[in-house]
Amino acid sequence: HAKTVLVVAVLVTVPTAYLFVTAETSFDFIGAMGDSESVDGIKAMTDDFGAGSIMPTQVVIVGDVVVYNGTSMTFNYAYLDAVENLTAIVASKTEVQKVTGITRPFGEPFEYRDLDEMPEEERAQVLSAMRSYLGKDNRTVLLTVVLANQPQSNEAVQFISTLRADLAEAKANEPMLATSDVLVGGTSAALYDTSVFTAREFTNIELLVVIGIFIVLMIVLGSILLPTFAIISIAMSITWSFALTYLVFGVWLNLPVLWLIPLILFVILMGIGIDYNVFILTRIREEIHKGKETKVAVVDAVDWTGGIITALALIMTGAFGALMLSGNAMLQEFGFALTVAVLLDAMVVRTYIVPAAL
C-alpha cells in the first residue's frame, strides 16, 4: 500500500512541519525543572518581590567622563542629567517593574542637585547609595533593571532587543553621552544573545551538515534522488518528534519546551537516521544488482535489515529513555523527545515510508 502510506505521511508531516517552524520555544530552564524546592523558592520570590528580582538586567554606561570627583566630593550634574533621562526611559516601559541607579538609588527619582542642602547624616546615606552604582574609576555607571516578567521567559528575553534599541536612540539625543557606550547585560540579555547567535550558527550548521550528508550518500549510493529522499525522511522524523514533544510537554503538561530540543533532534537524527538509511538503501541496491525487480528488492531488503535496525533503535531508546526516569522535568523532556524520535525514525520512517517511496 505504498501510495496510501505516502499520502498519510504527507498529511501528518504538513501540520507537524508547520508546528516545528512556528512553535515558540522557551529559554526558561527554571520552569522546565518541574517541581523542586528551588523552583518553589523562586516562585515565592516572584510573588513577594517581583519576577525580575531573581536575576535583574544590568545597563552599564561606560565613558571617559568623570562622574564623581572624589577630592571635592562633587558630581558632574550635566552627566547625571543625561543618565537620568536614560533611566526615565527604561523605567517608563511596561515590561520594567523598577529601575535603580546613580540618579535613583532607592528606585524613585530625587533631587540629586540638593545633596549639599541635606542633613549630614541623610546626605552621607544618599551619597553612599549613589556611589554604589558608580564604578571604581568614577566613570562607569550601573543601572539595575528589575523586569516585570520572569528573566528567562520569552517576554523578558525578547524585550532585550527593544530595550537596546530604545537606549541607543536615547543616547544619540544626549550630547554628554556621545563618547560613552551603553551596554545591556544580565541573564535575559545573555539568553537573547545566545538565541540570536545560536539561530544564526545553527542555520549554517544545518546547511553544511545536509550538504555533507548528501555528498557522502551520493557517493555511497550512486544516486541523487535517494540521498535527497533520505534527508527528507529524516526531516519528517524531526518534525513528528518535536510536535509530539510540544503537545505532551507544552500543551498537556504546560511546561516550557526548551529551545535546545529542535537542535538536539536535528543532530541526533541526522546521525542515527542516516545510519539507518544507509543500512536499508545499500541493501536494496545490492538486491537490485542481483537482478531482482525493485518491489521484490525492497521487500527482501526490509526483511533482512529490519531486525538490525529495530535492535539498534531499541538500544538507543533504552539509553535515551532512561532520562525519563528522572524526577527532573527537563531531563524527562529531553528523554521523551529523543526516545520518540528514534522509535519513529526506525519503526515508521525506515520500515514503512522509505520502502513505500522506493
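The values are calculated or read from the model by the stated rules, or taken from the named source; none is laboratory data. Because the structure is predicted, anything quoted here is derived from the model rather than measured. Virtual Cβ from ideal backbone geometry, glycine too; neighbours counted across all protein chains shown. Just the protein is used for accessible areas: all its heavy atoms, side chains included, with ligands, DNA and RNA removed. Shrake-Rupley method; radii C 1.70, N 1.55, O 1.52, S 1.80 Å.
Within the listed set GLY107, GLY212, GLY291, the residue fluctuating most in the Gaussian network model of the chain (springs between alpha-carbon atoms under 10 angstrom) is GLY291. Just how many % of Cα pairs in segment 233-325 lie over 24 Å apart, if you round to the nearest whole percent? It works out to 37 percent of all Cα pairs. Length gained on full extension, PHE197 to SER326: 43.4 nm, using 0.36 nm per residue less the C-alpha separation.
Mind ranking LEU253, LEU344, LEU325, LEU11 by accessible surface for me, highest first, 1.4 Å probe?
Reading off the accessible areas and sorting them downward yields LEU325, LEU11, LEU253, LEU344.
For the chain, the longest principal axis of the Cα atoms and the long axis of helix 260-289 meet at an angle of about 20 degrees. Using a probe of 1.4 angstrom, how much of the accessible area of segment 300-355 is carbon and sulfur, in percent? Roughly 76 percent, rounded to a whole number.
In this label model, ALA311 and LEU11 are separated by 3.6 nm, measuring between points 7 Å along each Cα→Cβ vector. The angle between the Cα long axis of helix 329-344 and the longest principal axis of the Cα atoms of the chain comes to about 20 degrees, rounded to the nearest 10.
Mind grabbing the base-10 log of I(q)/I(0) for segment 1-116 at q = 0.14, 0.15, 0.17, 0.21 Å⁻¹? Debye formula, identical points on the C-alpha positions, no solvent, two decimal places. Evaluating at q = 0.14, 0.15, 0.17, 0.21 Å⁻¹ gives log10 I(q)/I(0) of -0.83, -0.88, -0.97, -1.17.
Heavy atoms of the protein chains alone define the surface here; on that basis the chain has 50 Å² accessible area per residue at 1.4 Å probe size. Between ALA168 and LYS43, the simple label model (points 7 Å from Cα in the Cβ direction) yields a spacing of 3.9 nm. Relative to the first principal axis of the alpha-carbon coordinates of the chain, what is the inclination of helix 187-221, with its axis defined by its Cα atoms, in degrees from 0 to 90 and to the nearest 10? The angle comes out near 20 degrees. Over the chain, all Cα pairs binned in 10 Å intervals from 0 give whole-percent P(r) values of 5, 19, 22, 16, 13, 11, 8, 4, 2, 0, 0, listed from short to long.
Taken as Cα centroids, segment 151-168 and segment 293-337 sit 41 Å apart, rounded to the nearest whole angstrom. Given +1 at the Cβ of Lys and Arg, -1 at the Cβ of Asp and Glu and no other charges, the dipole of the chain around its Cα centre is 1760 debye to the nearest 20. Compared with the rule-of-thumb size 2.2 N^0.38 Å for a compact globular protein, segment 53-118 has a Cα radius of gyration ratio of 1.21.
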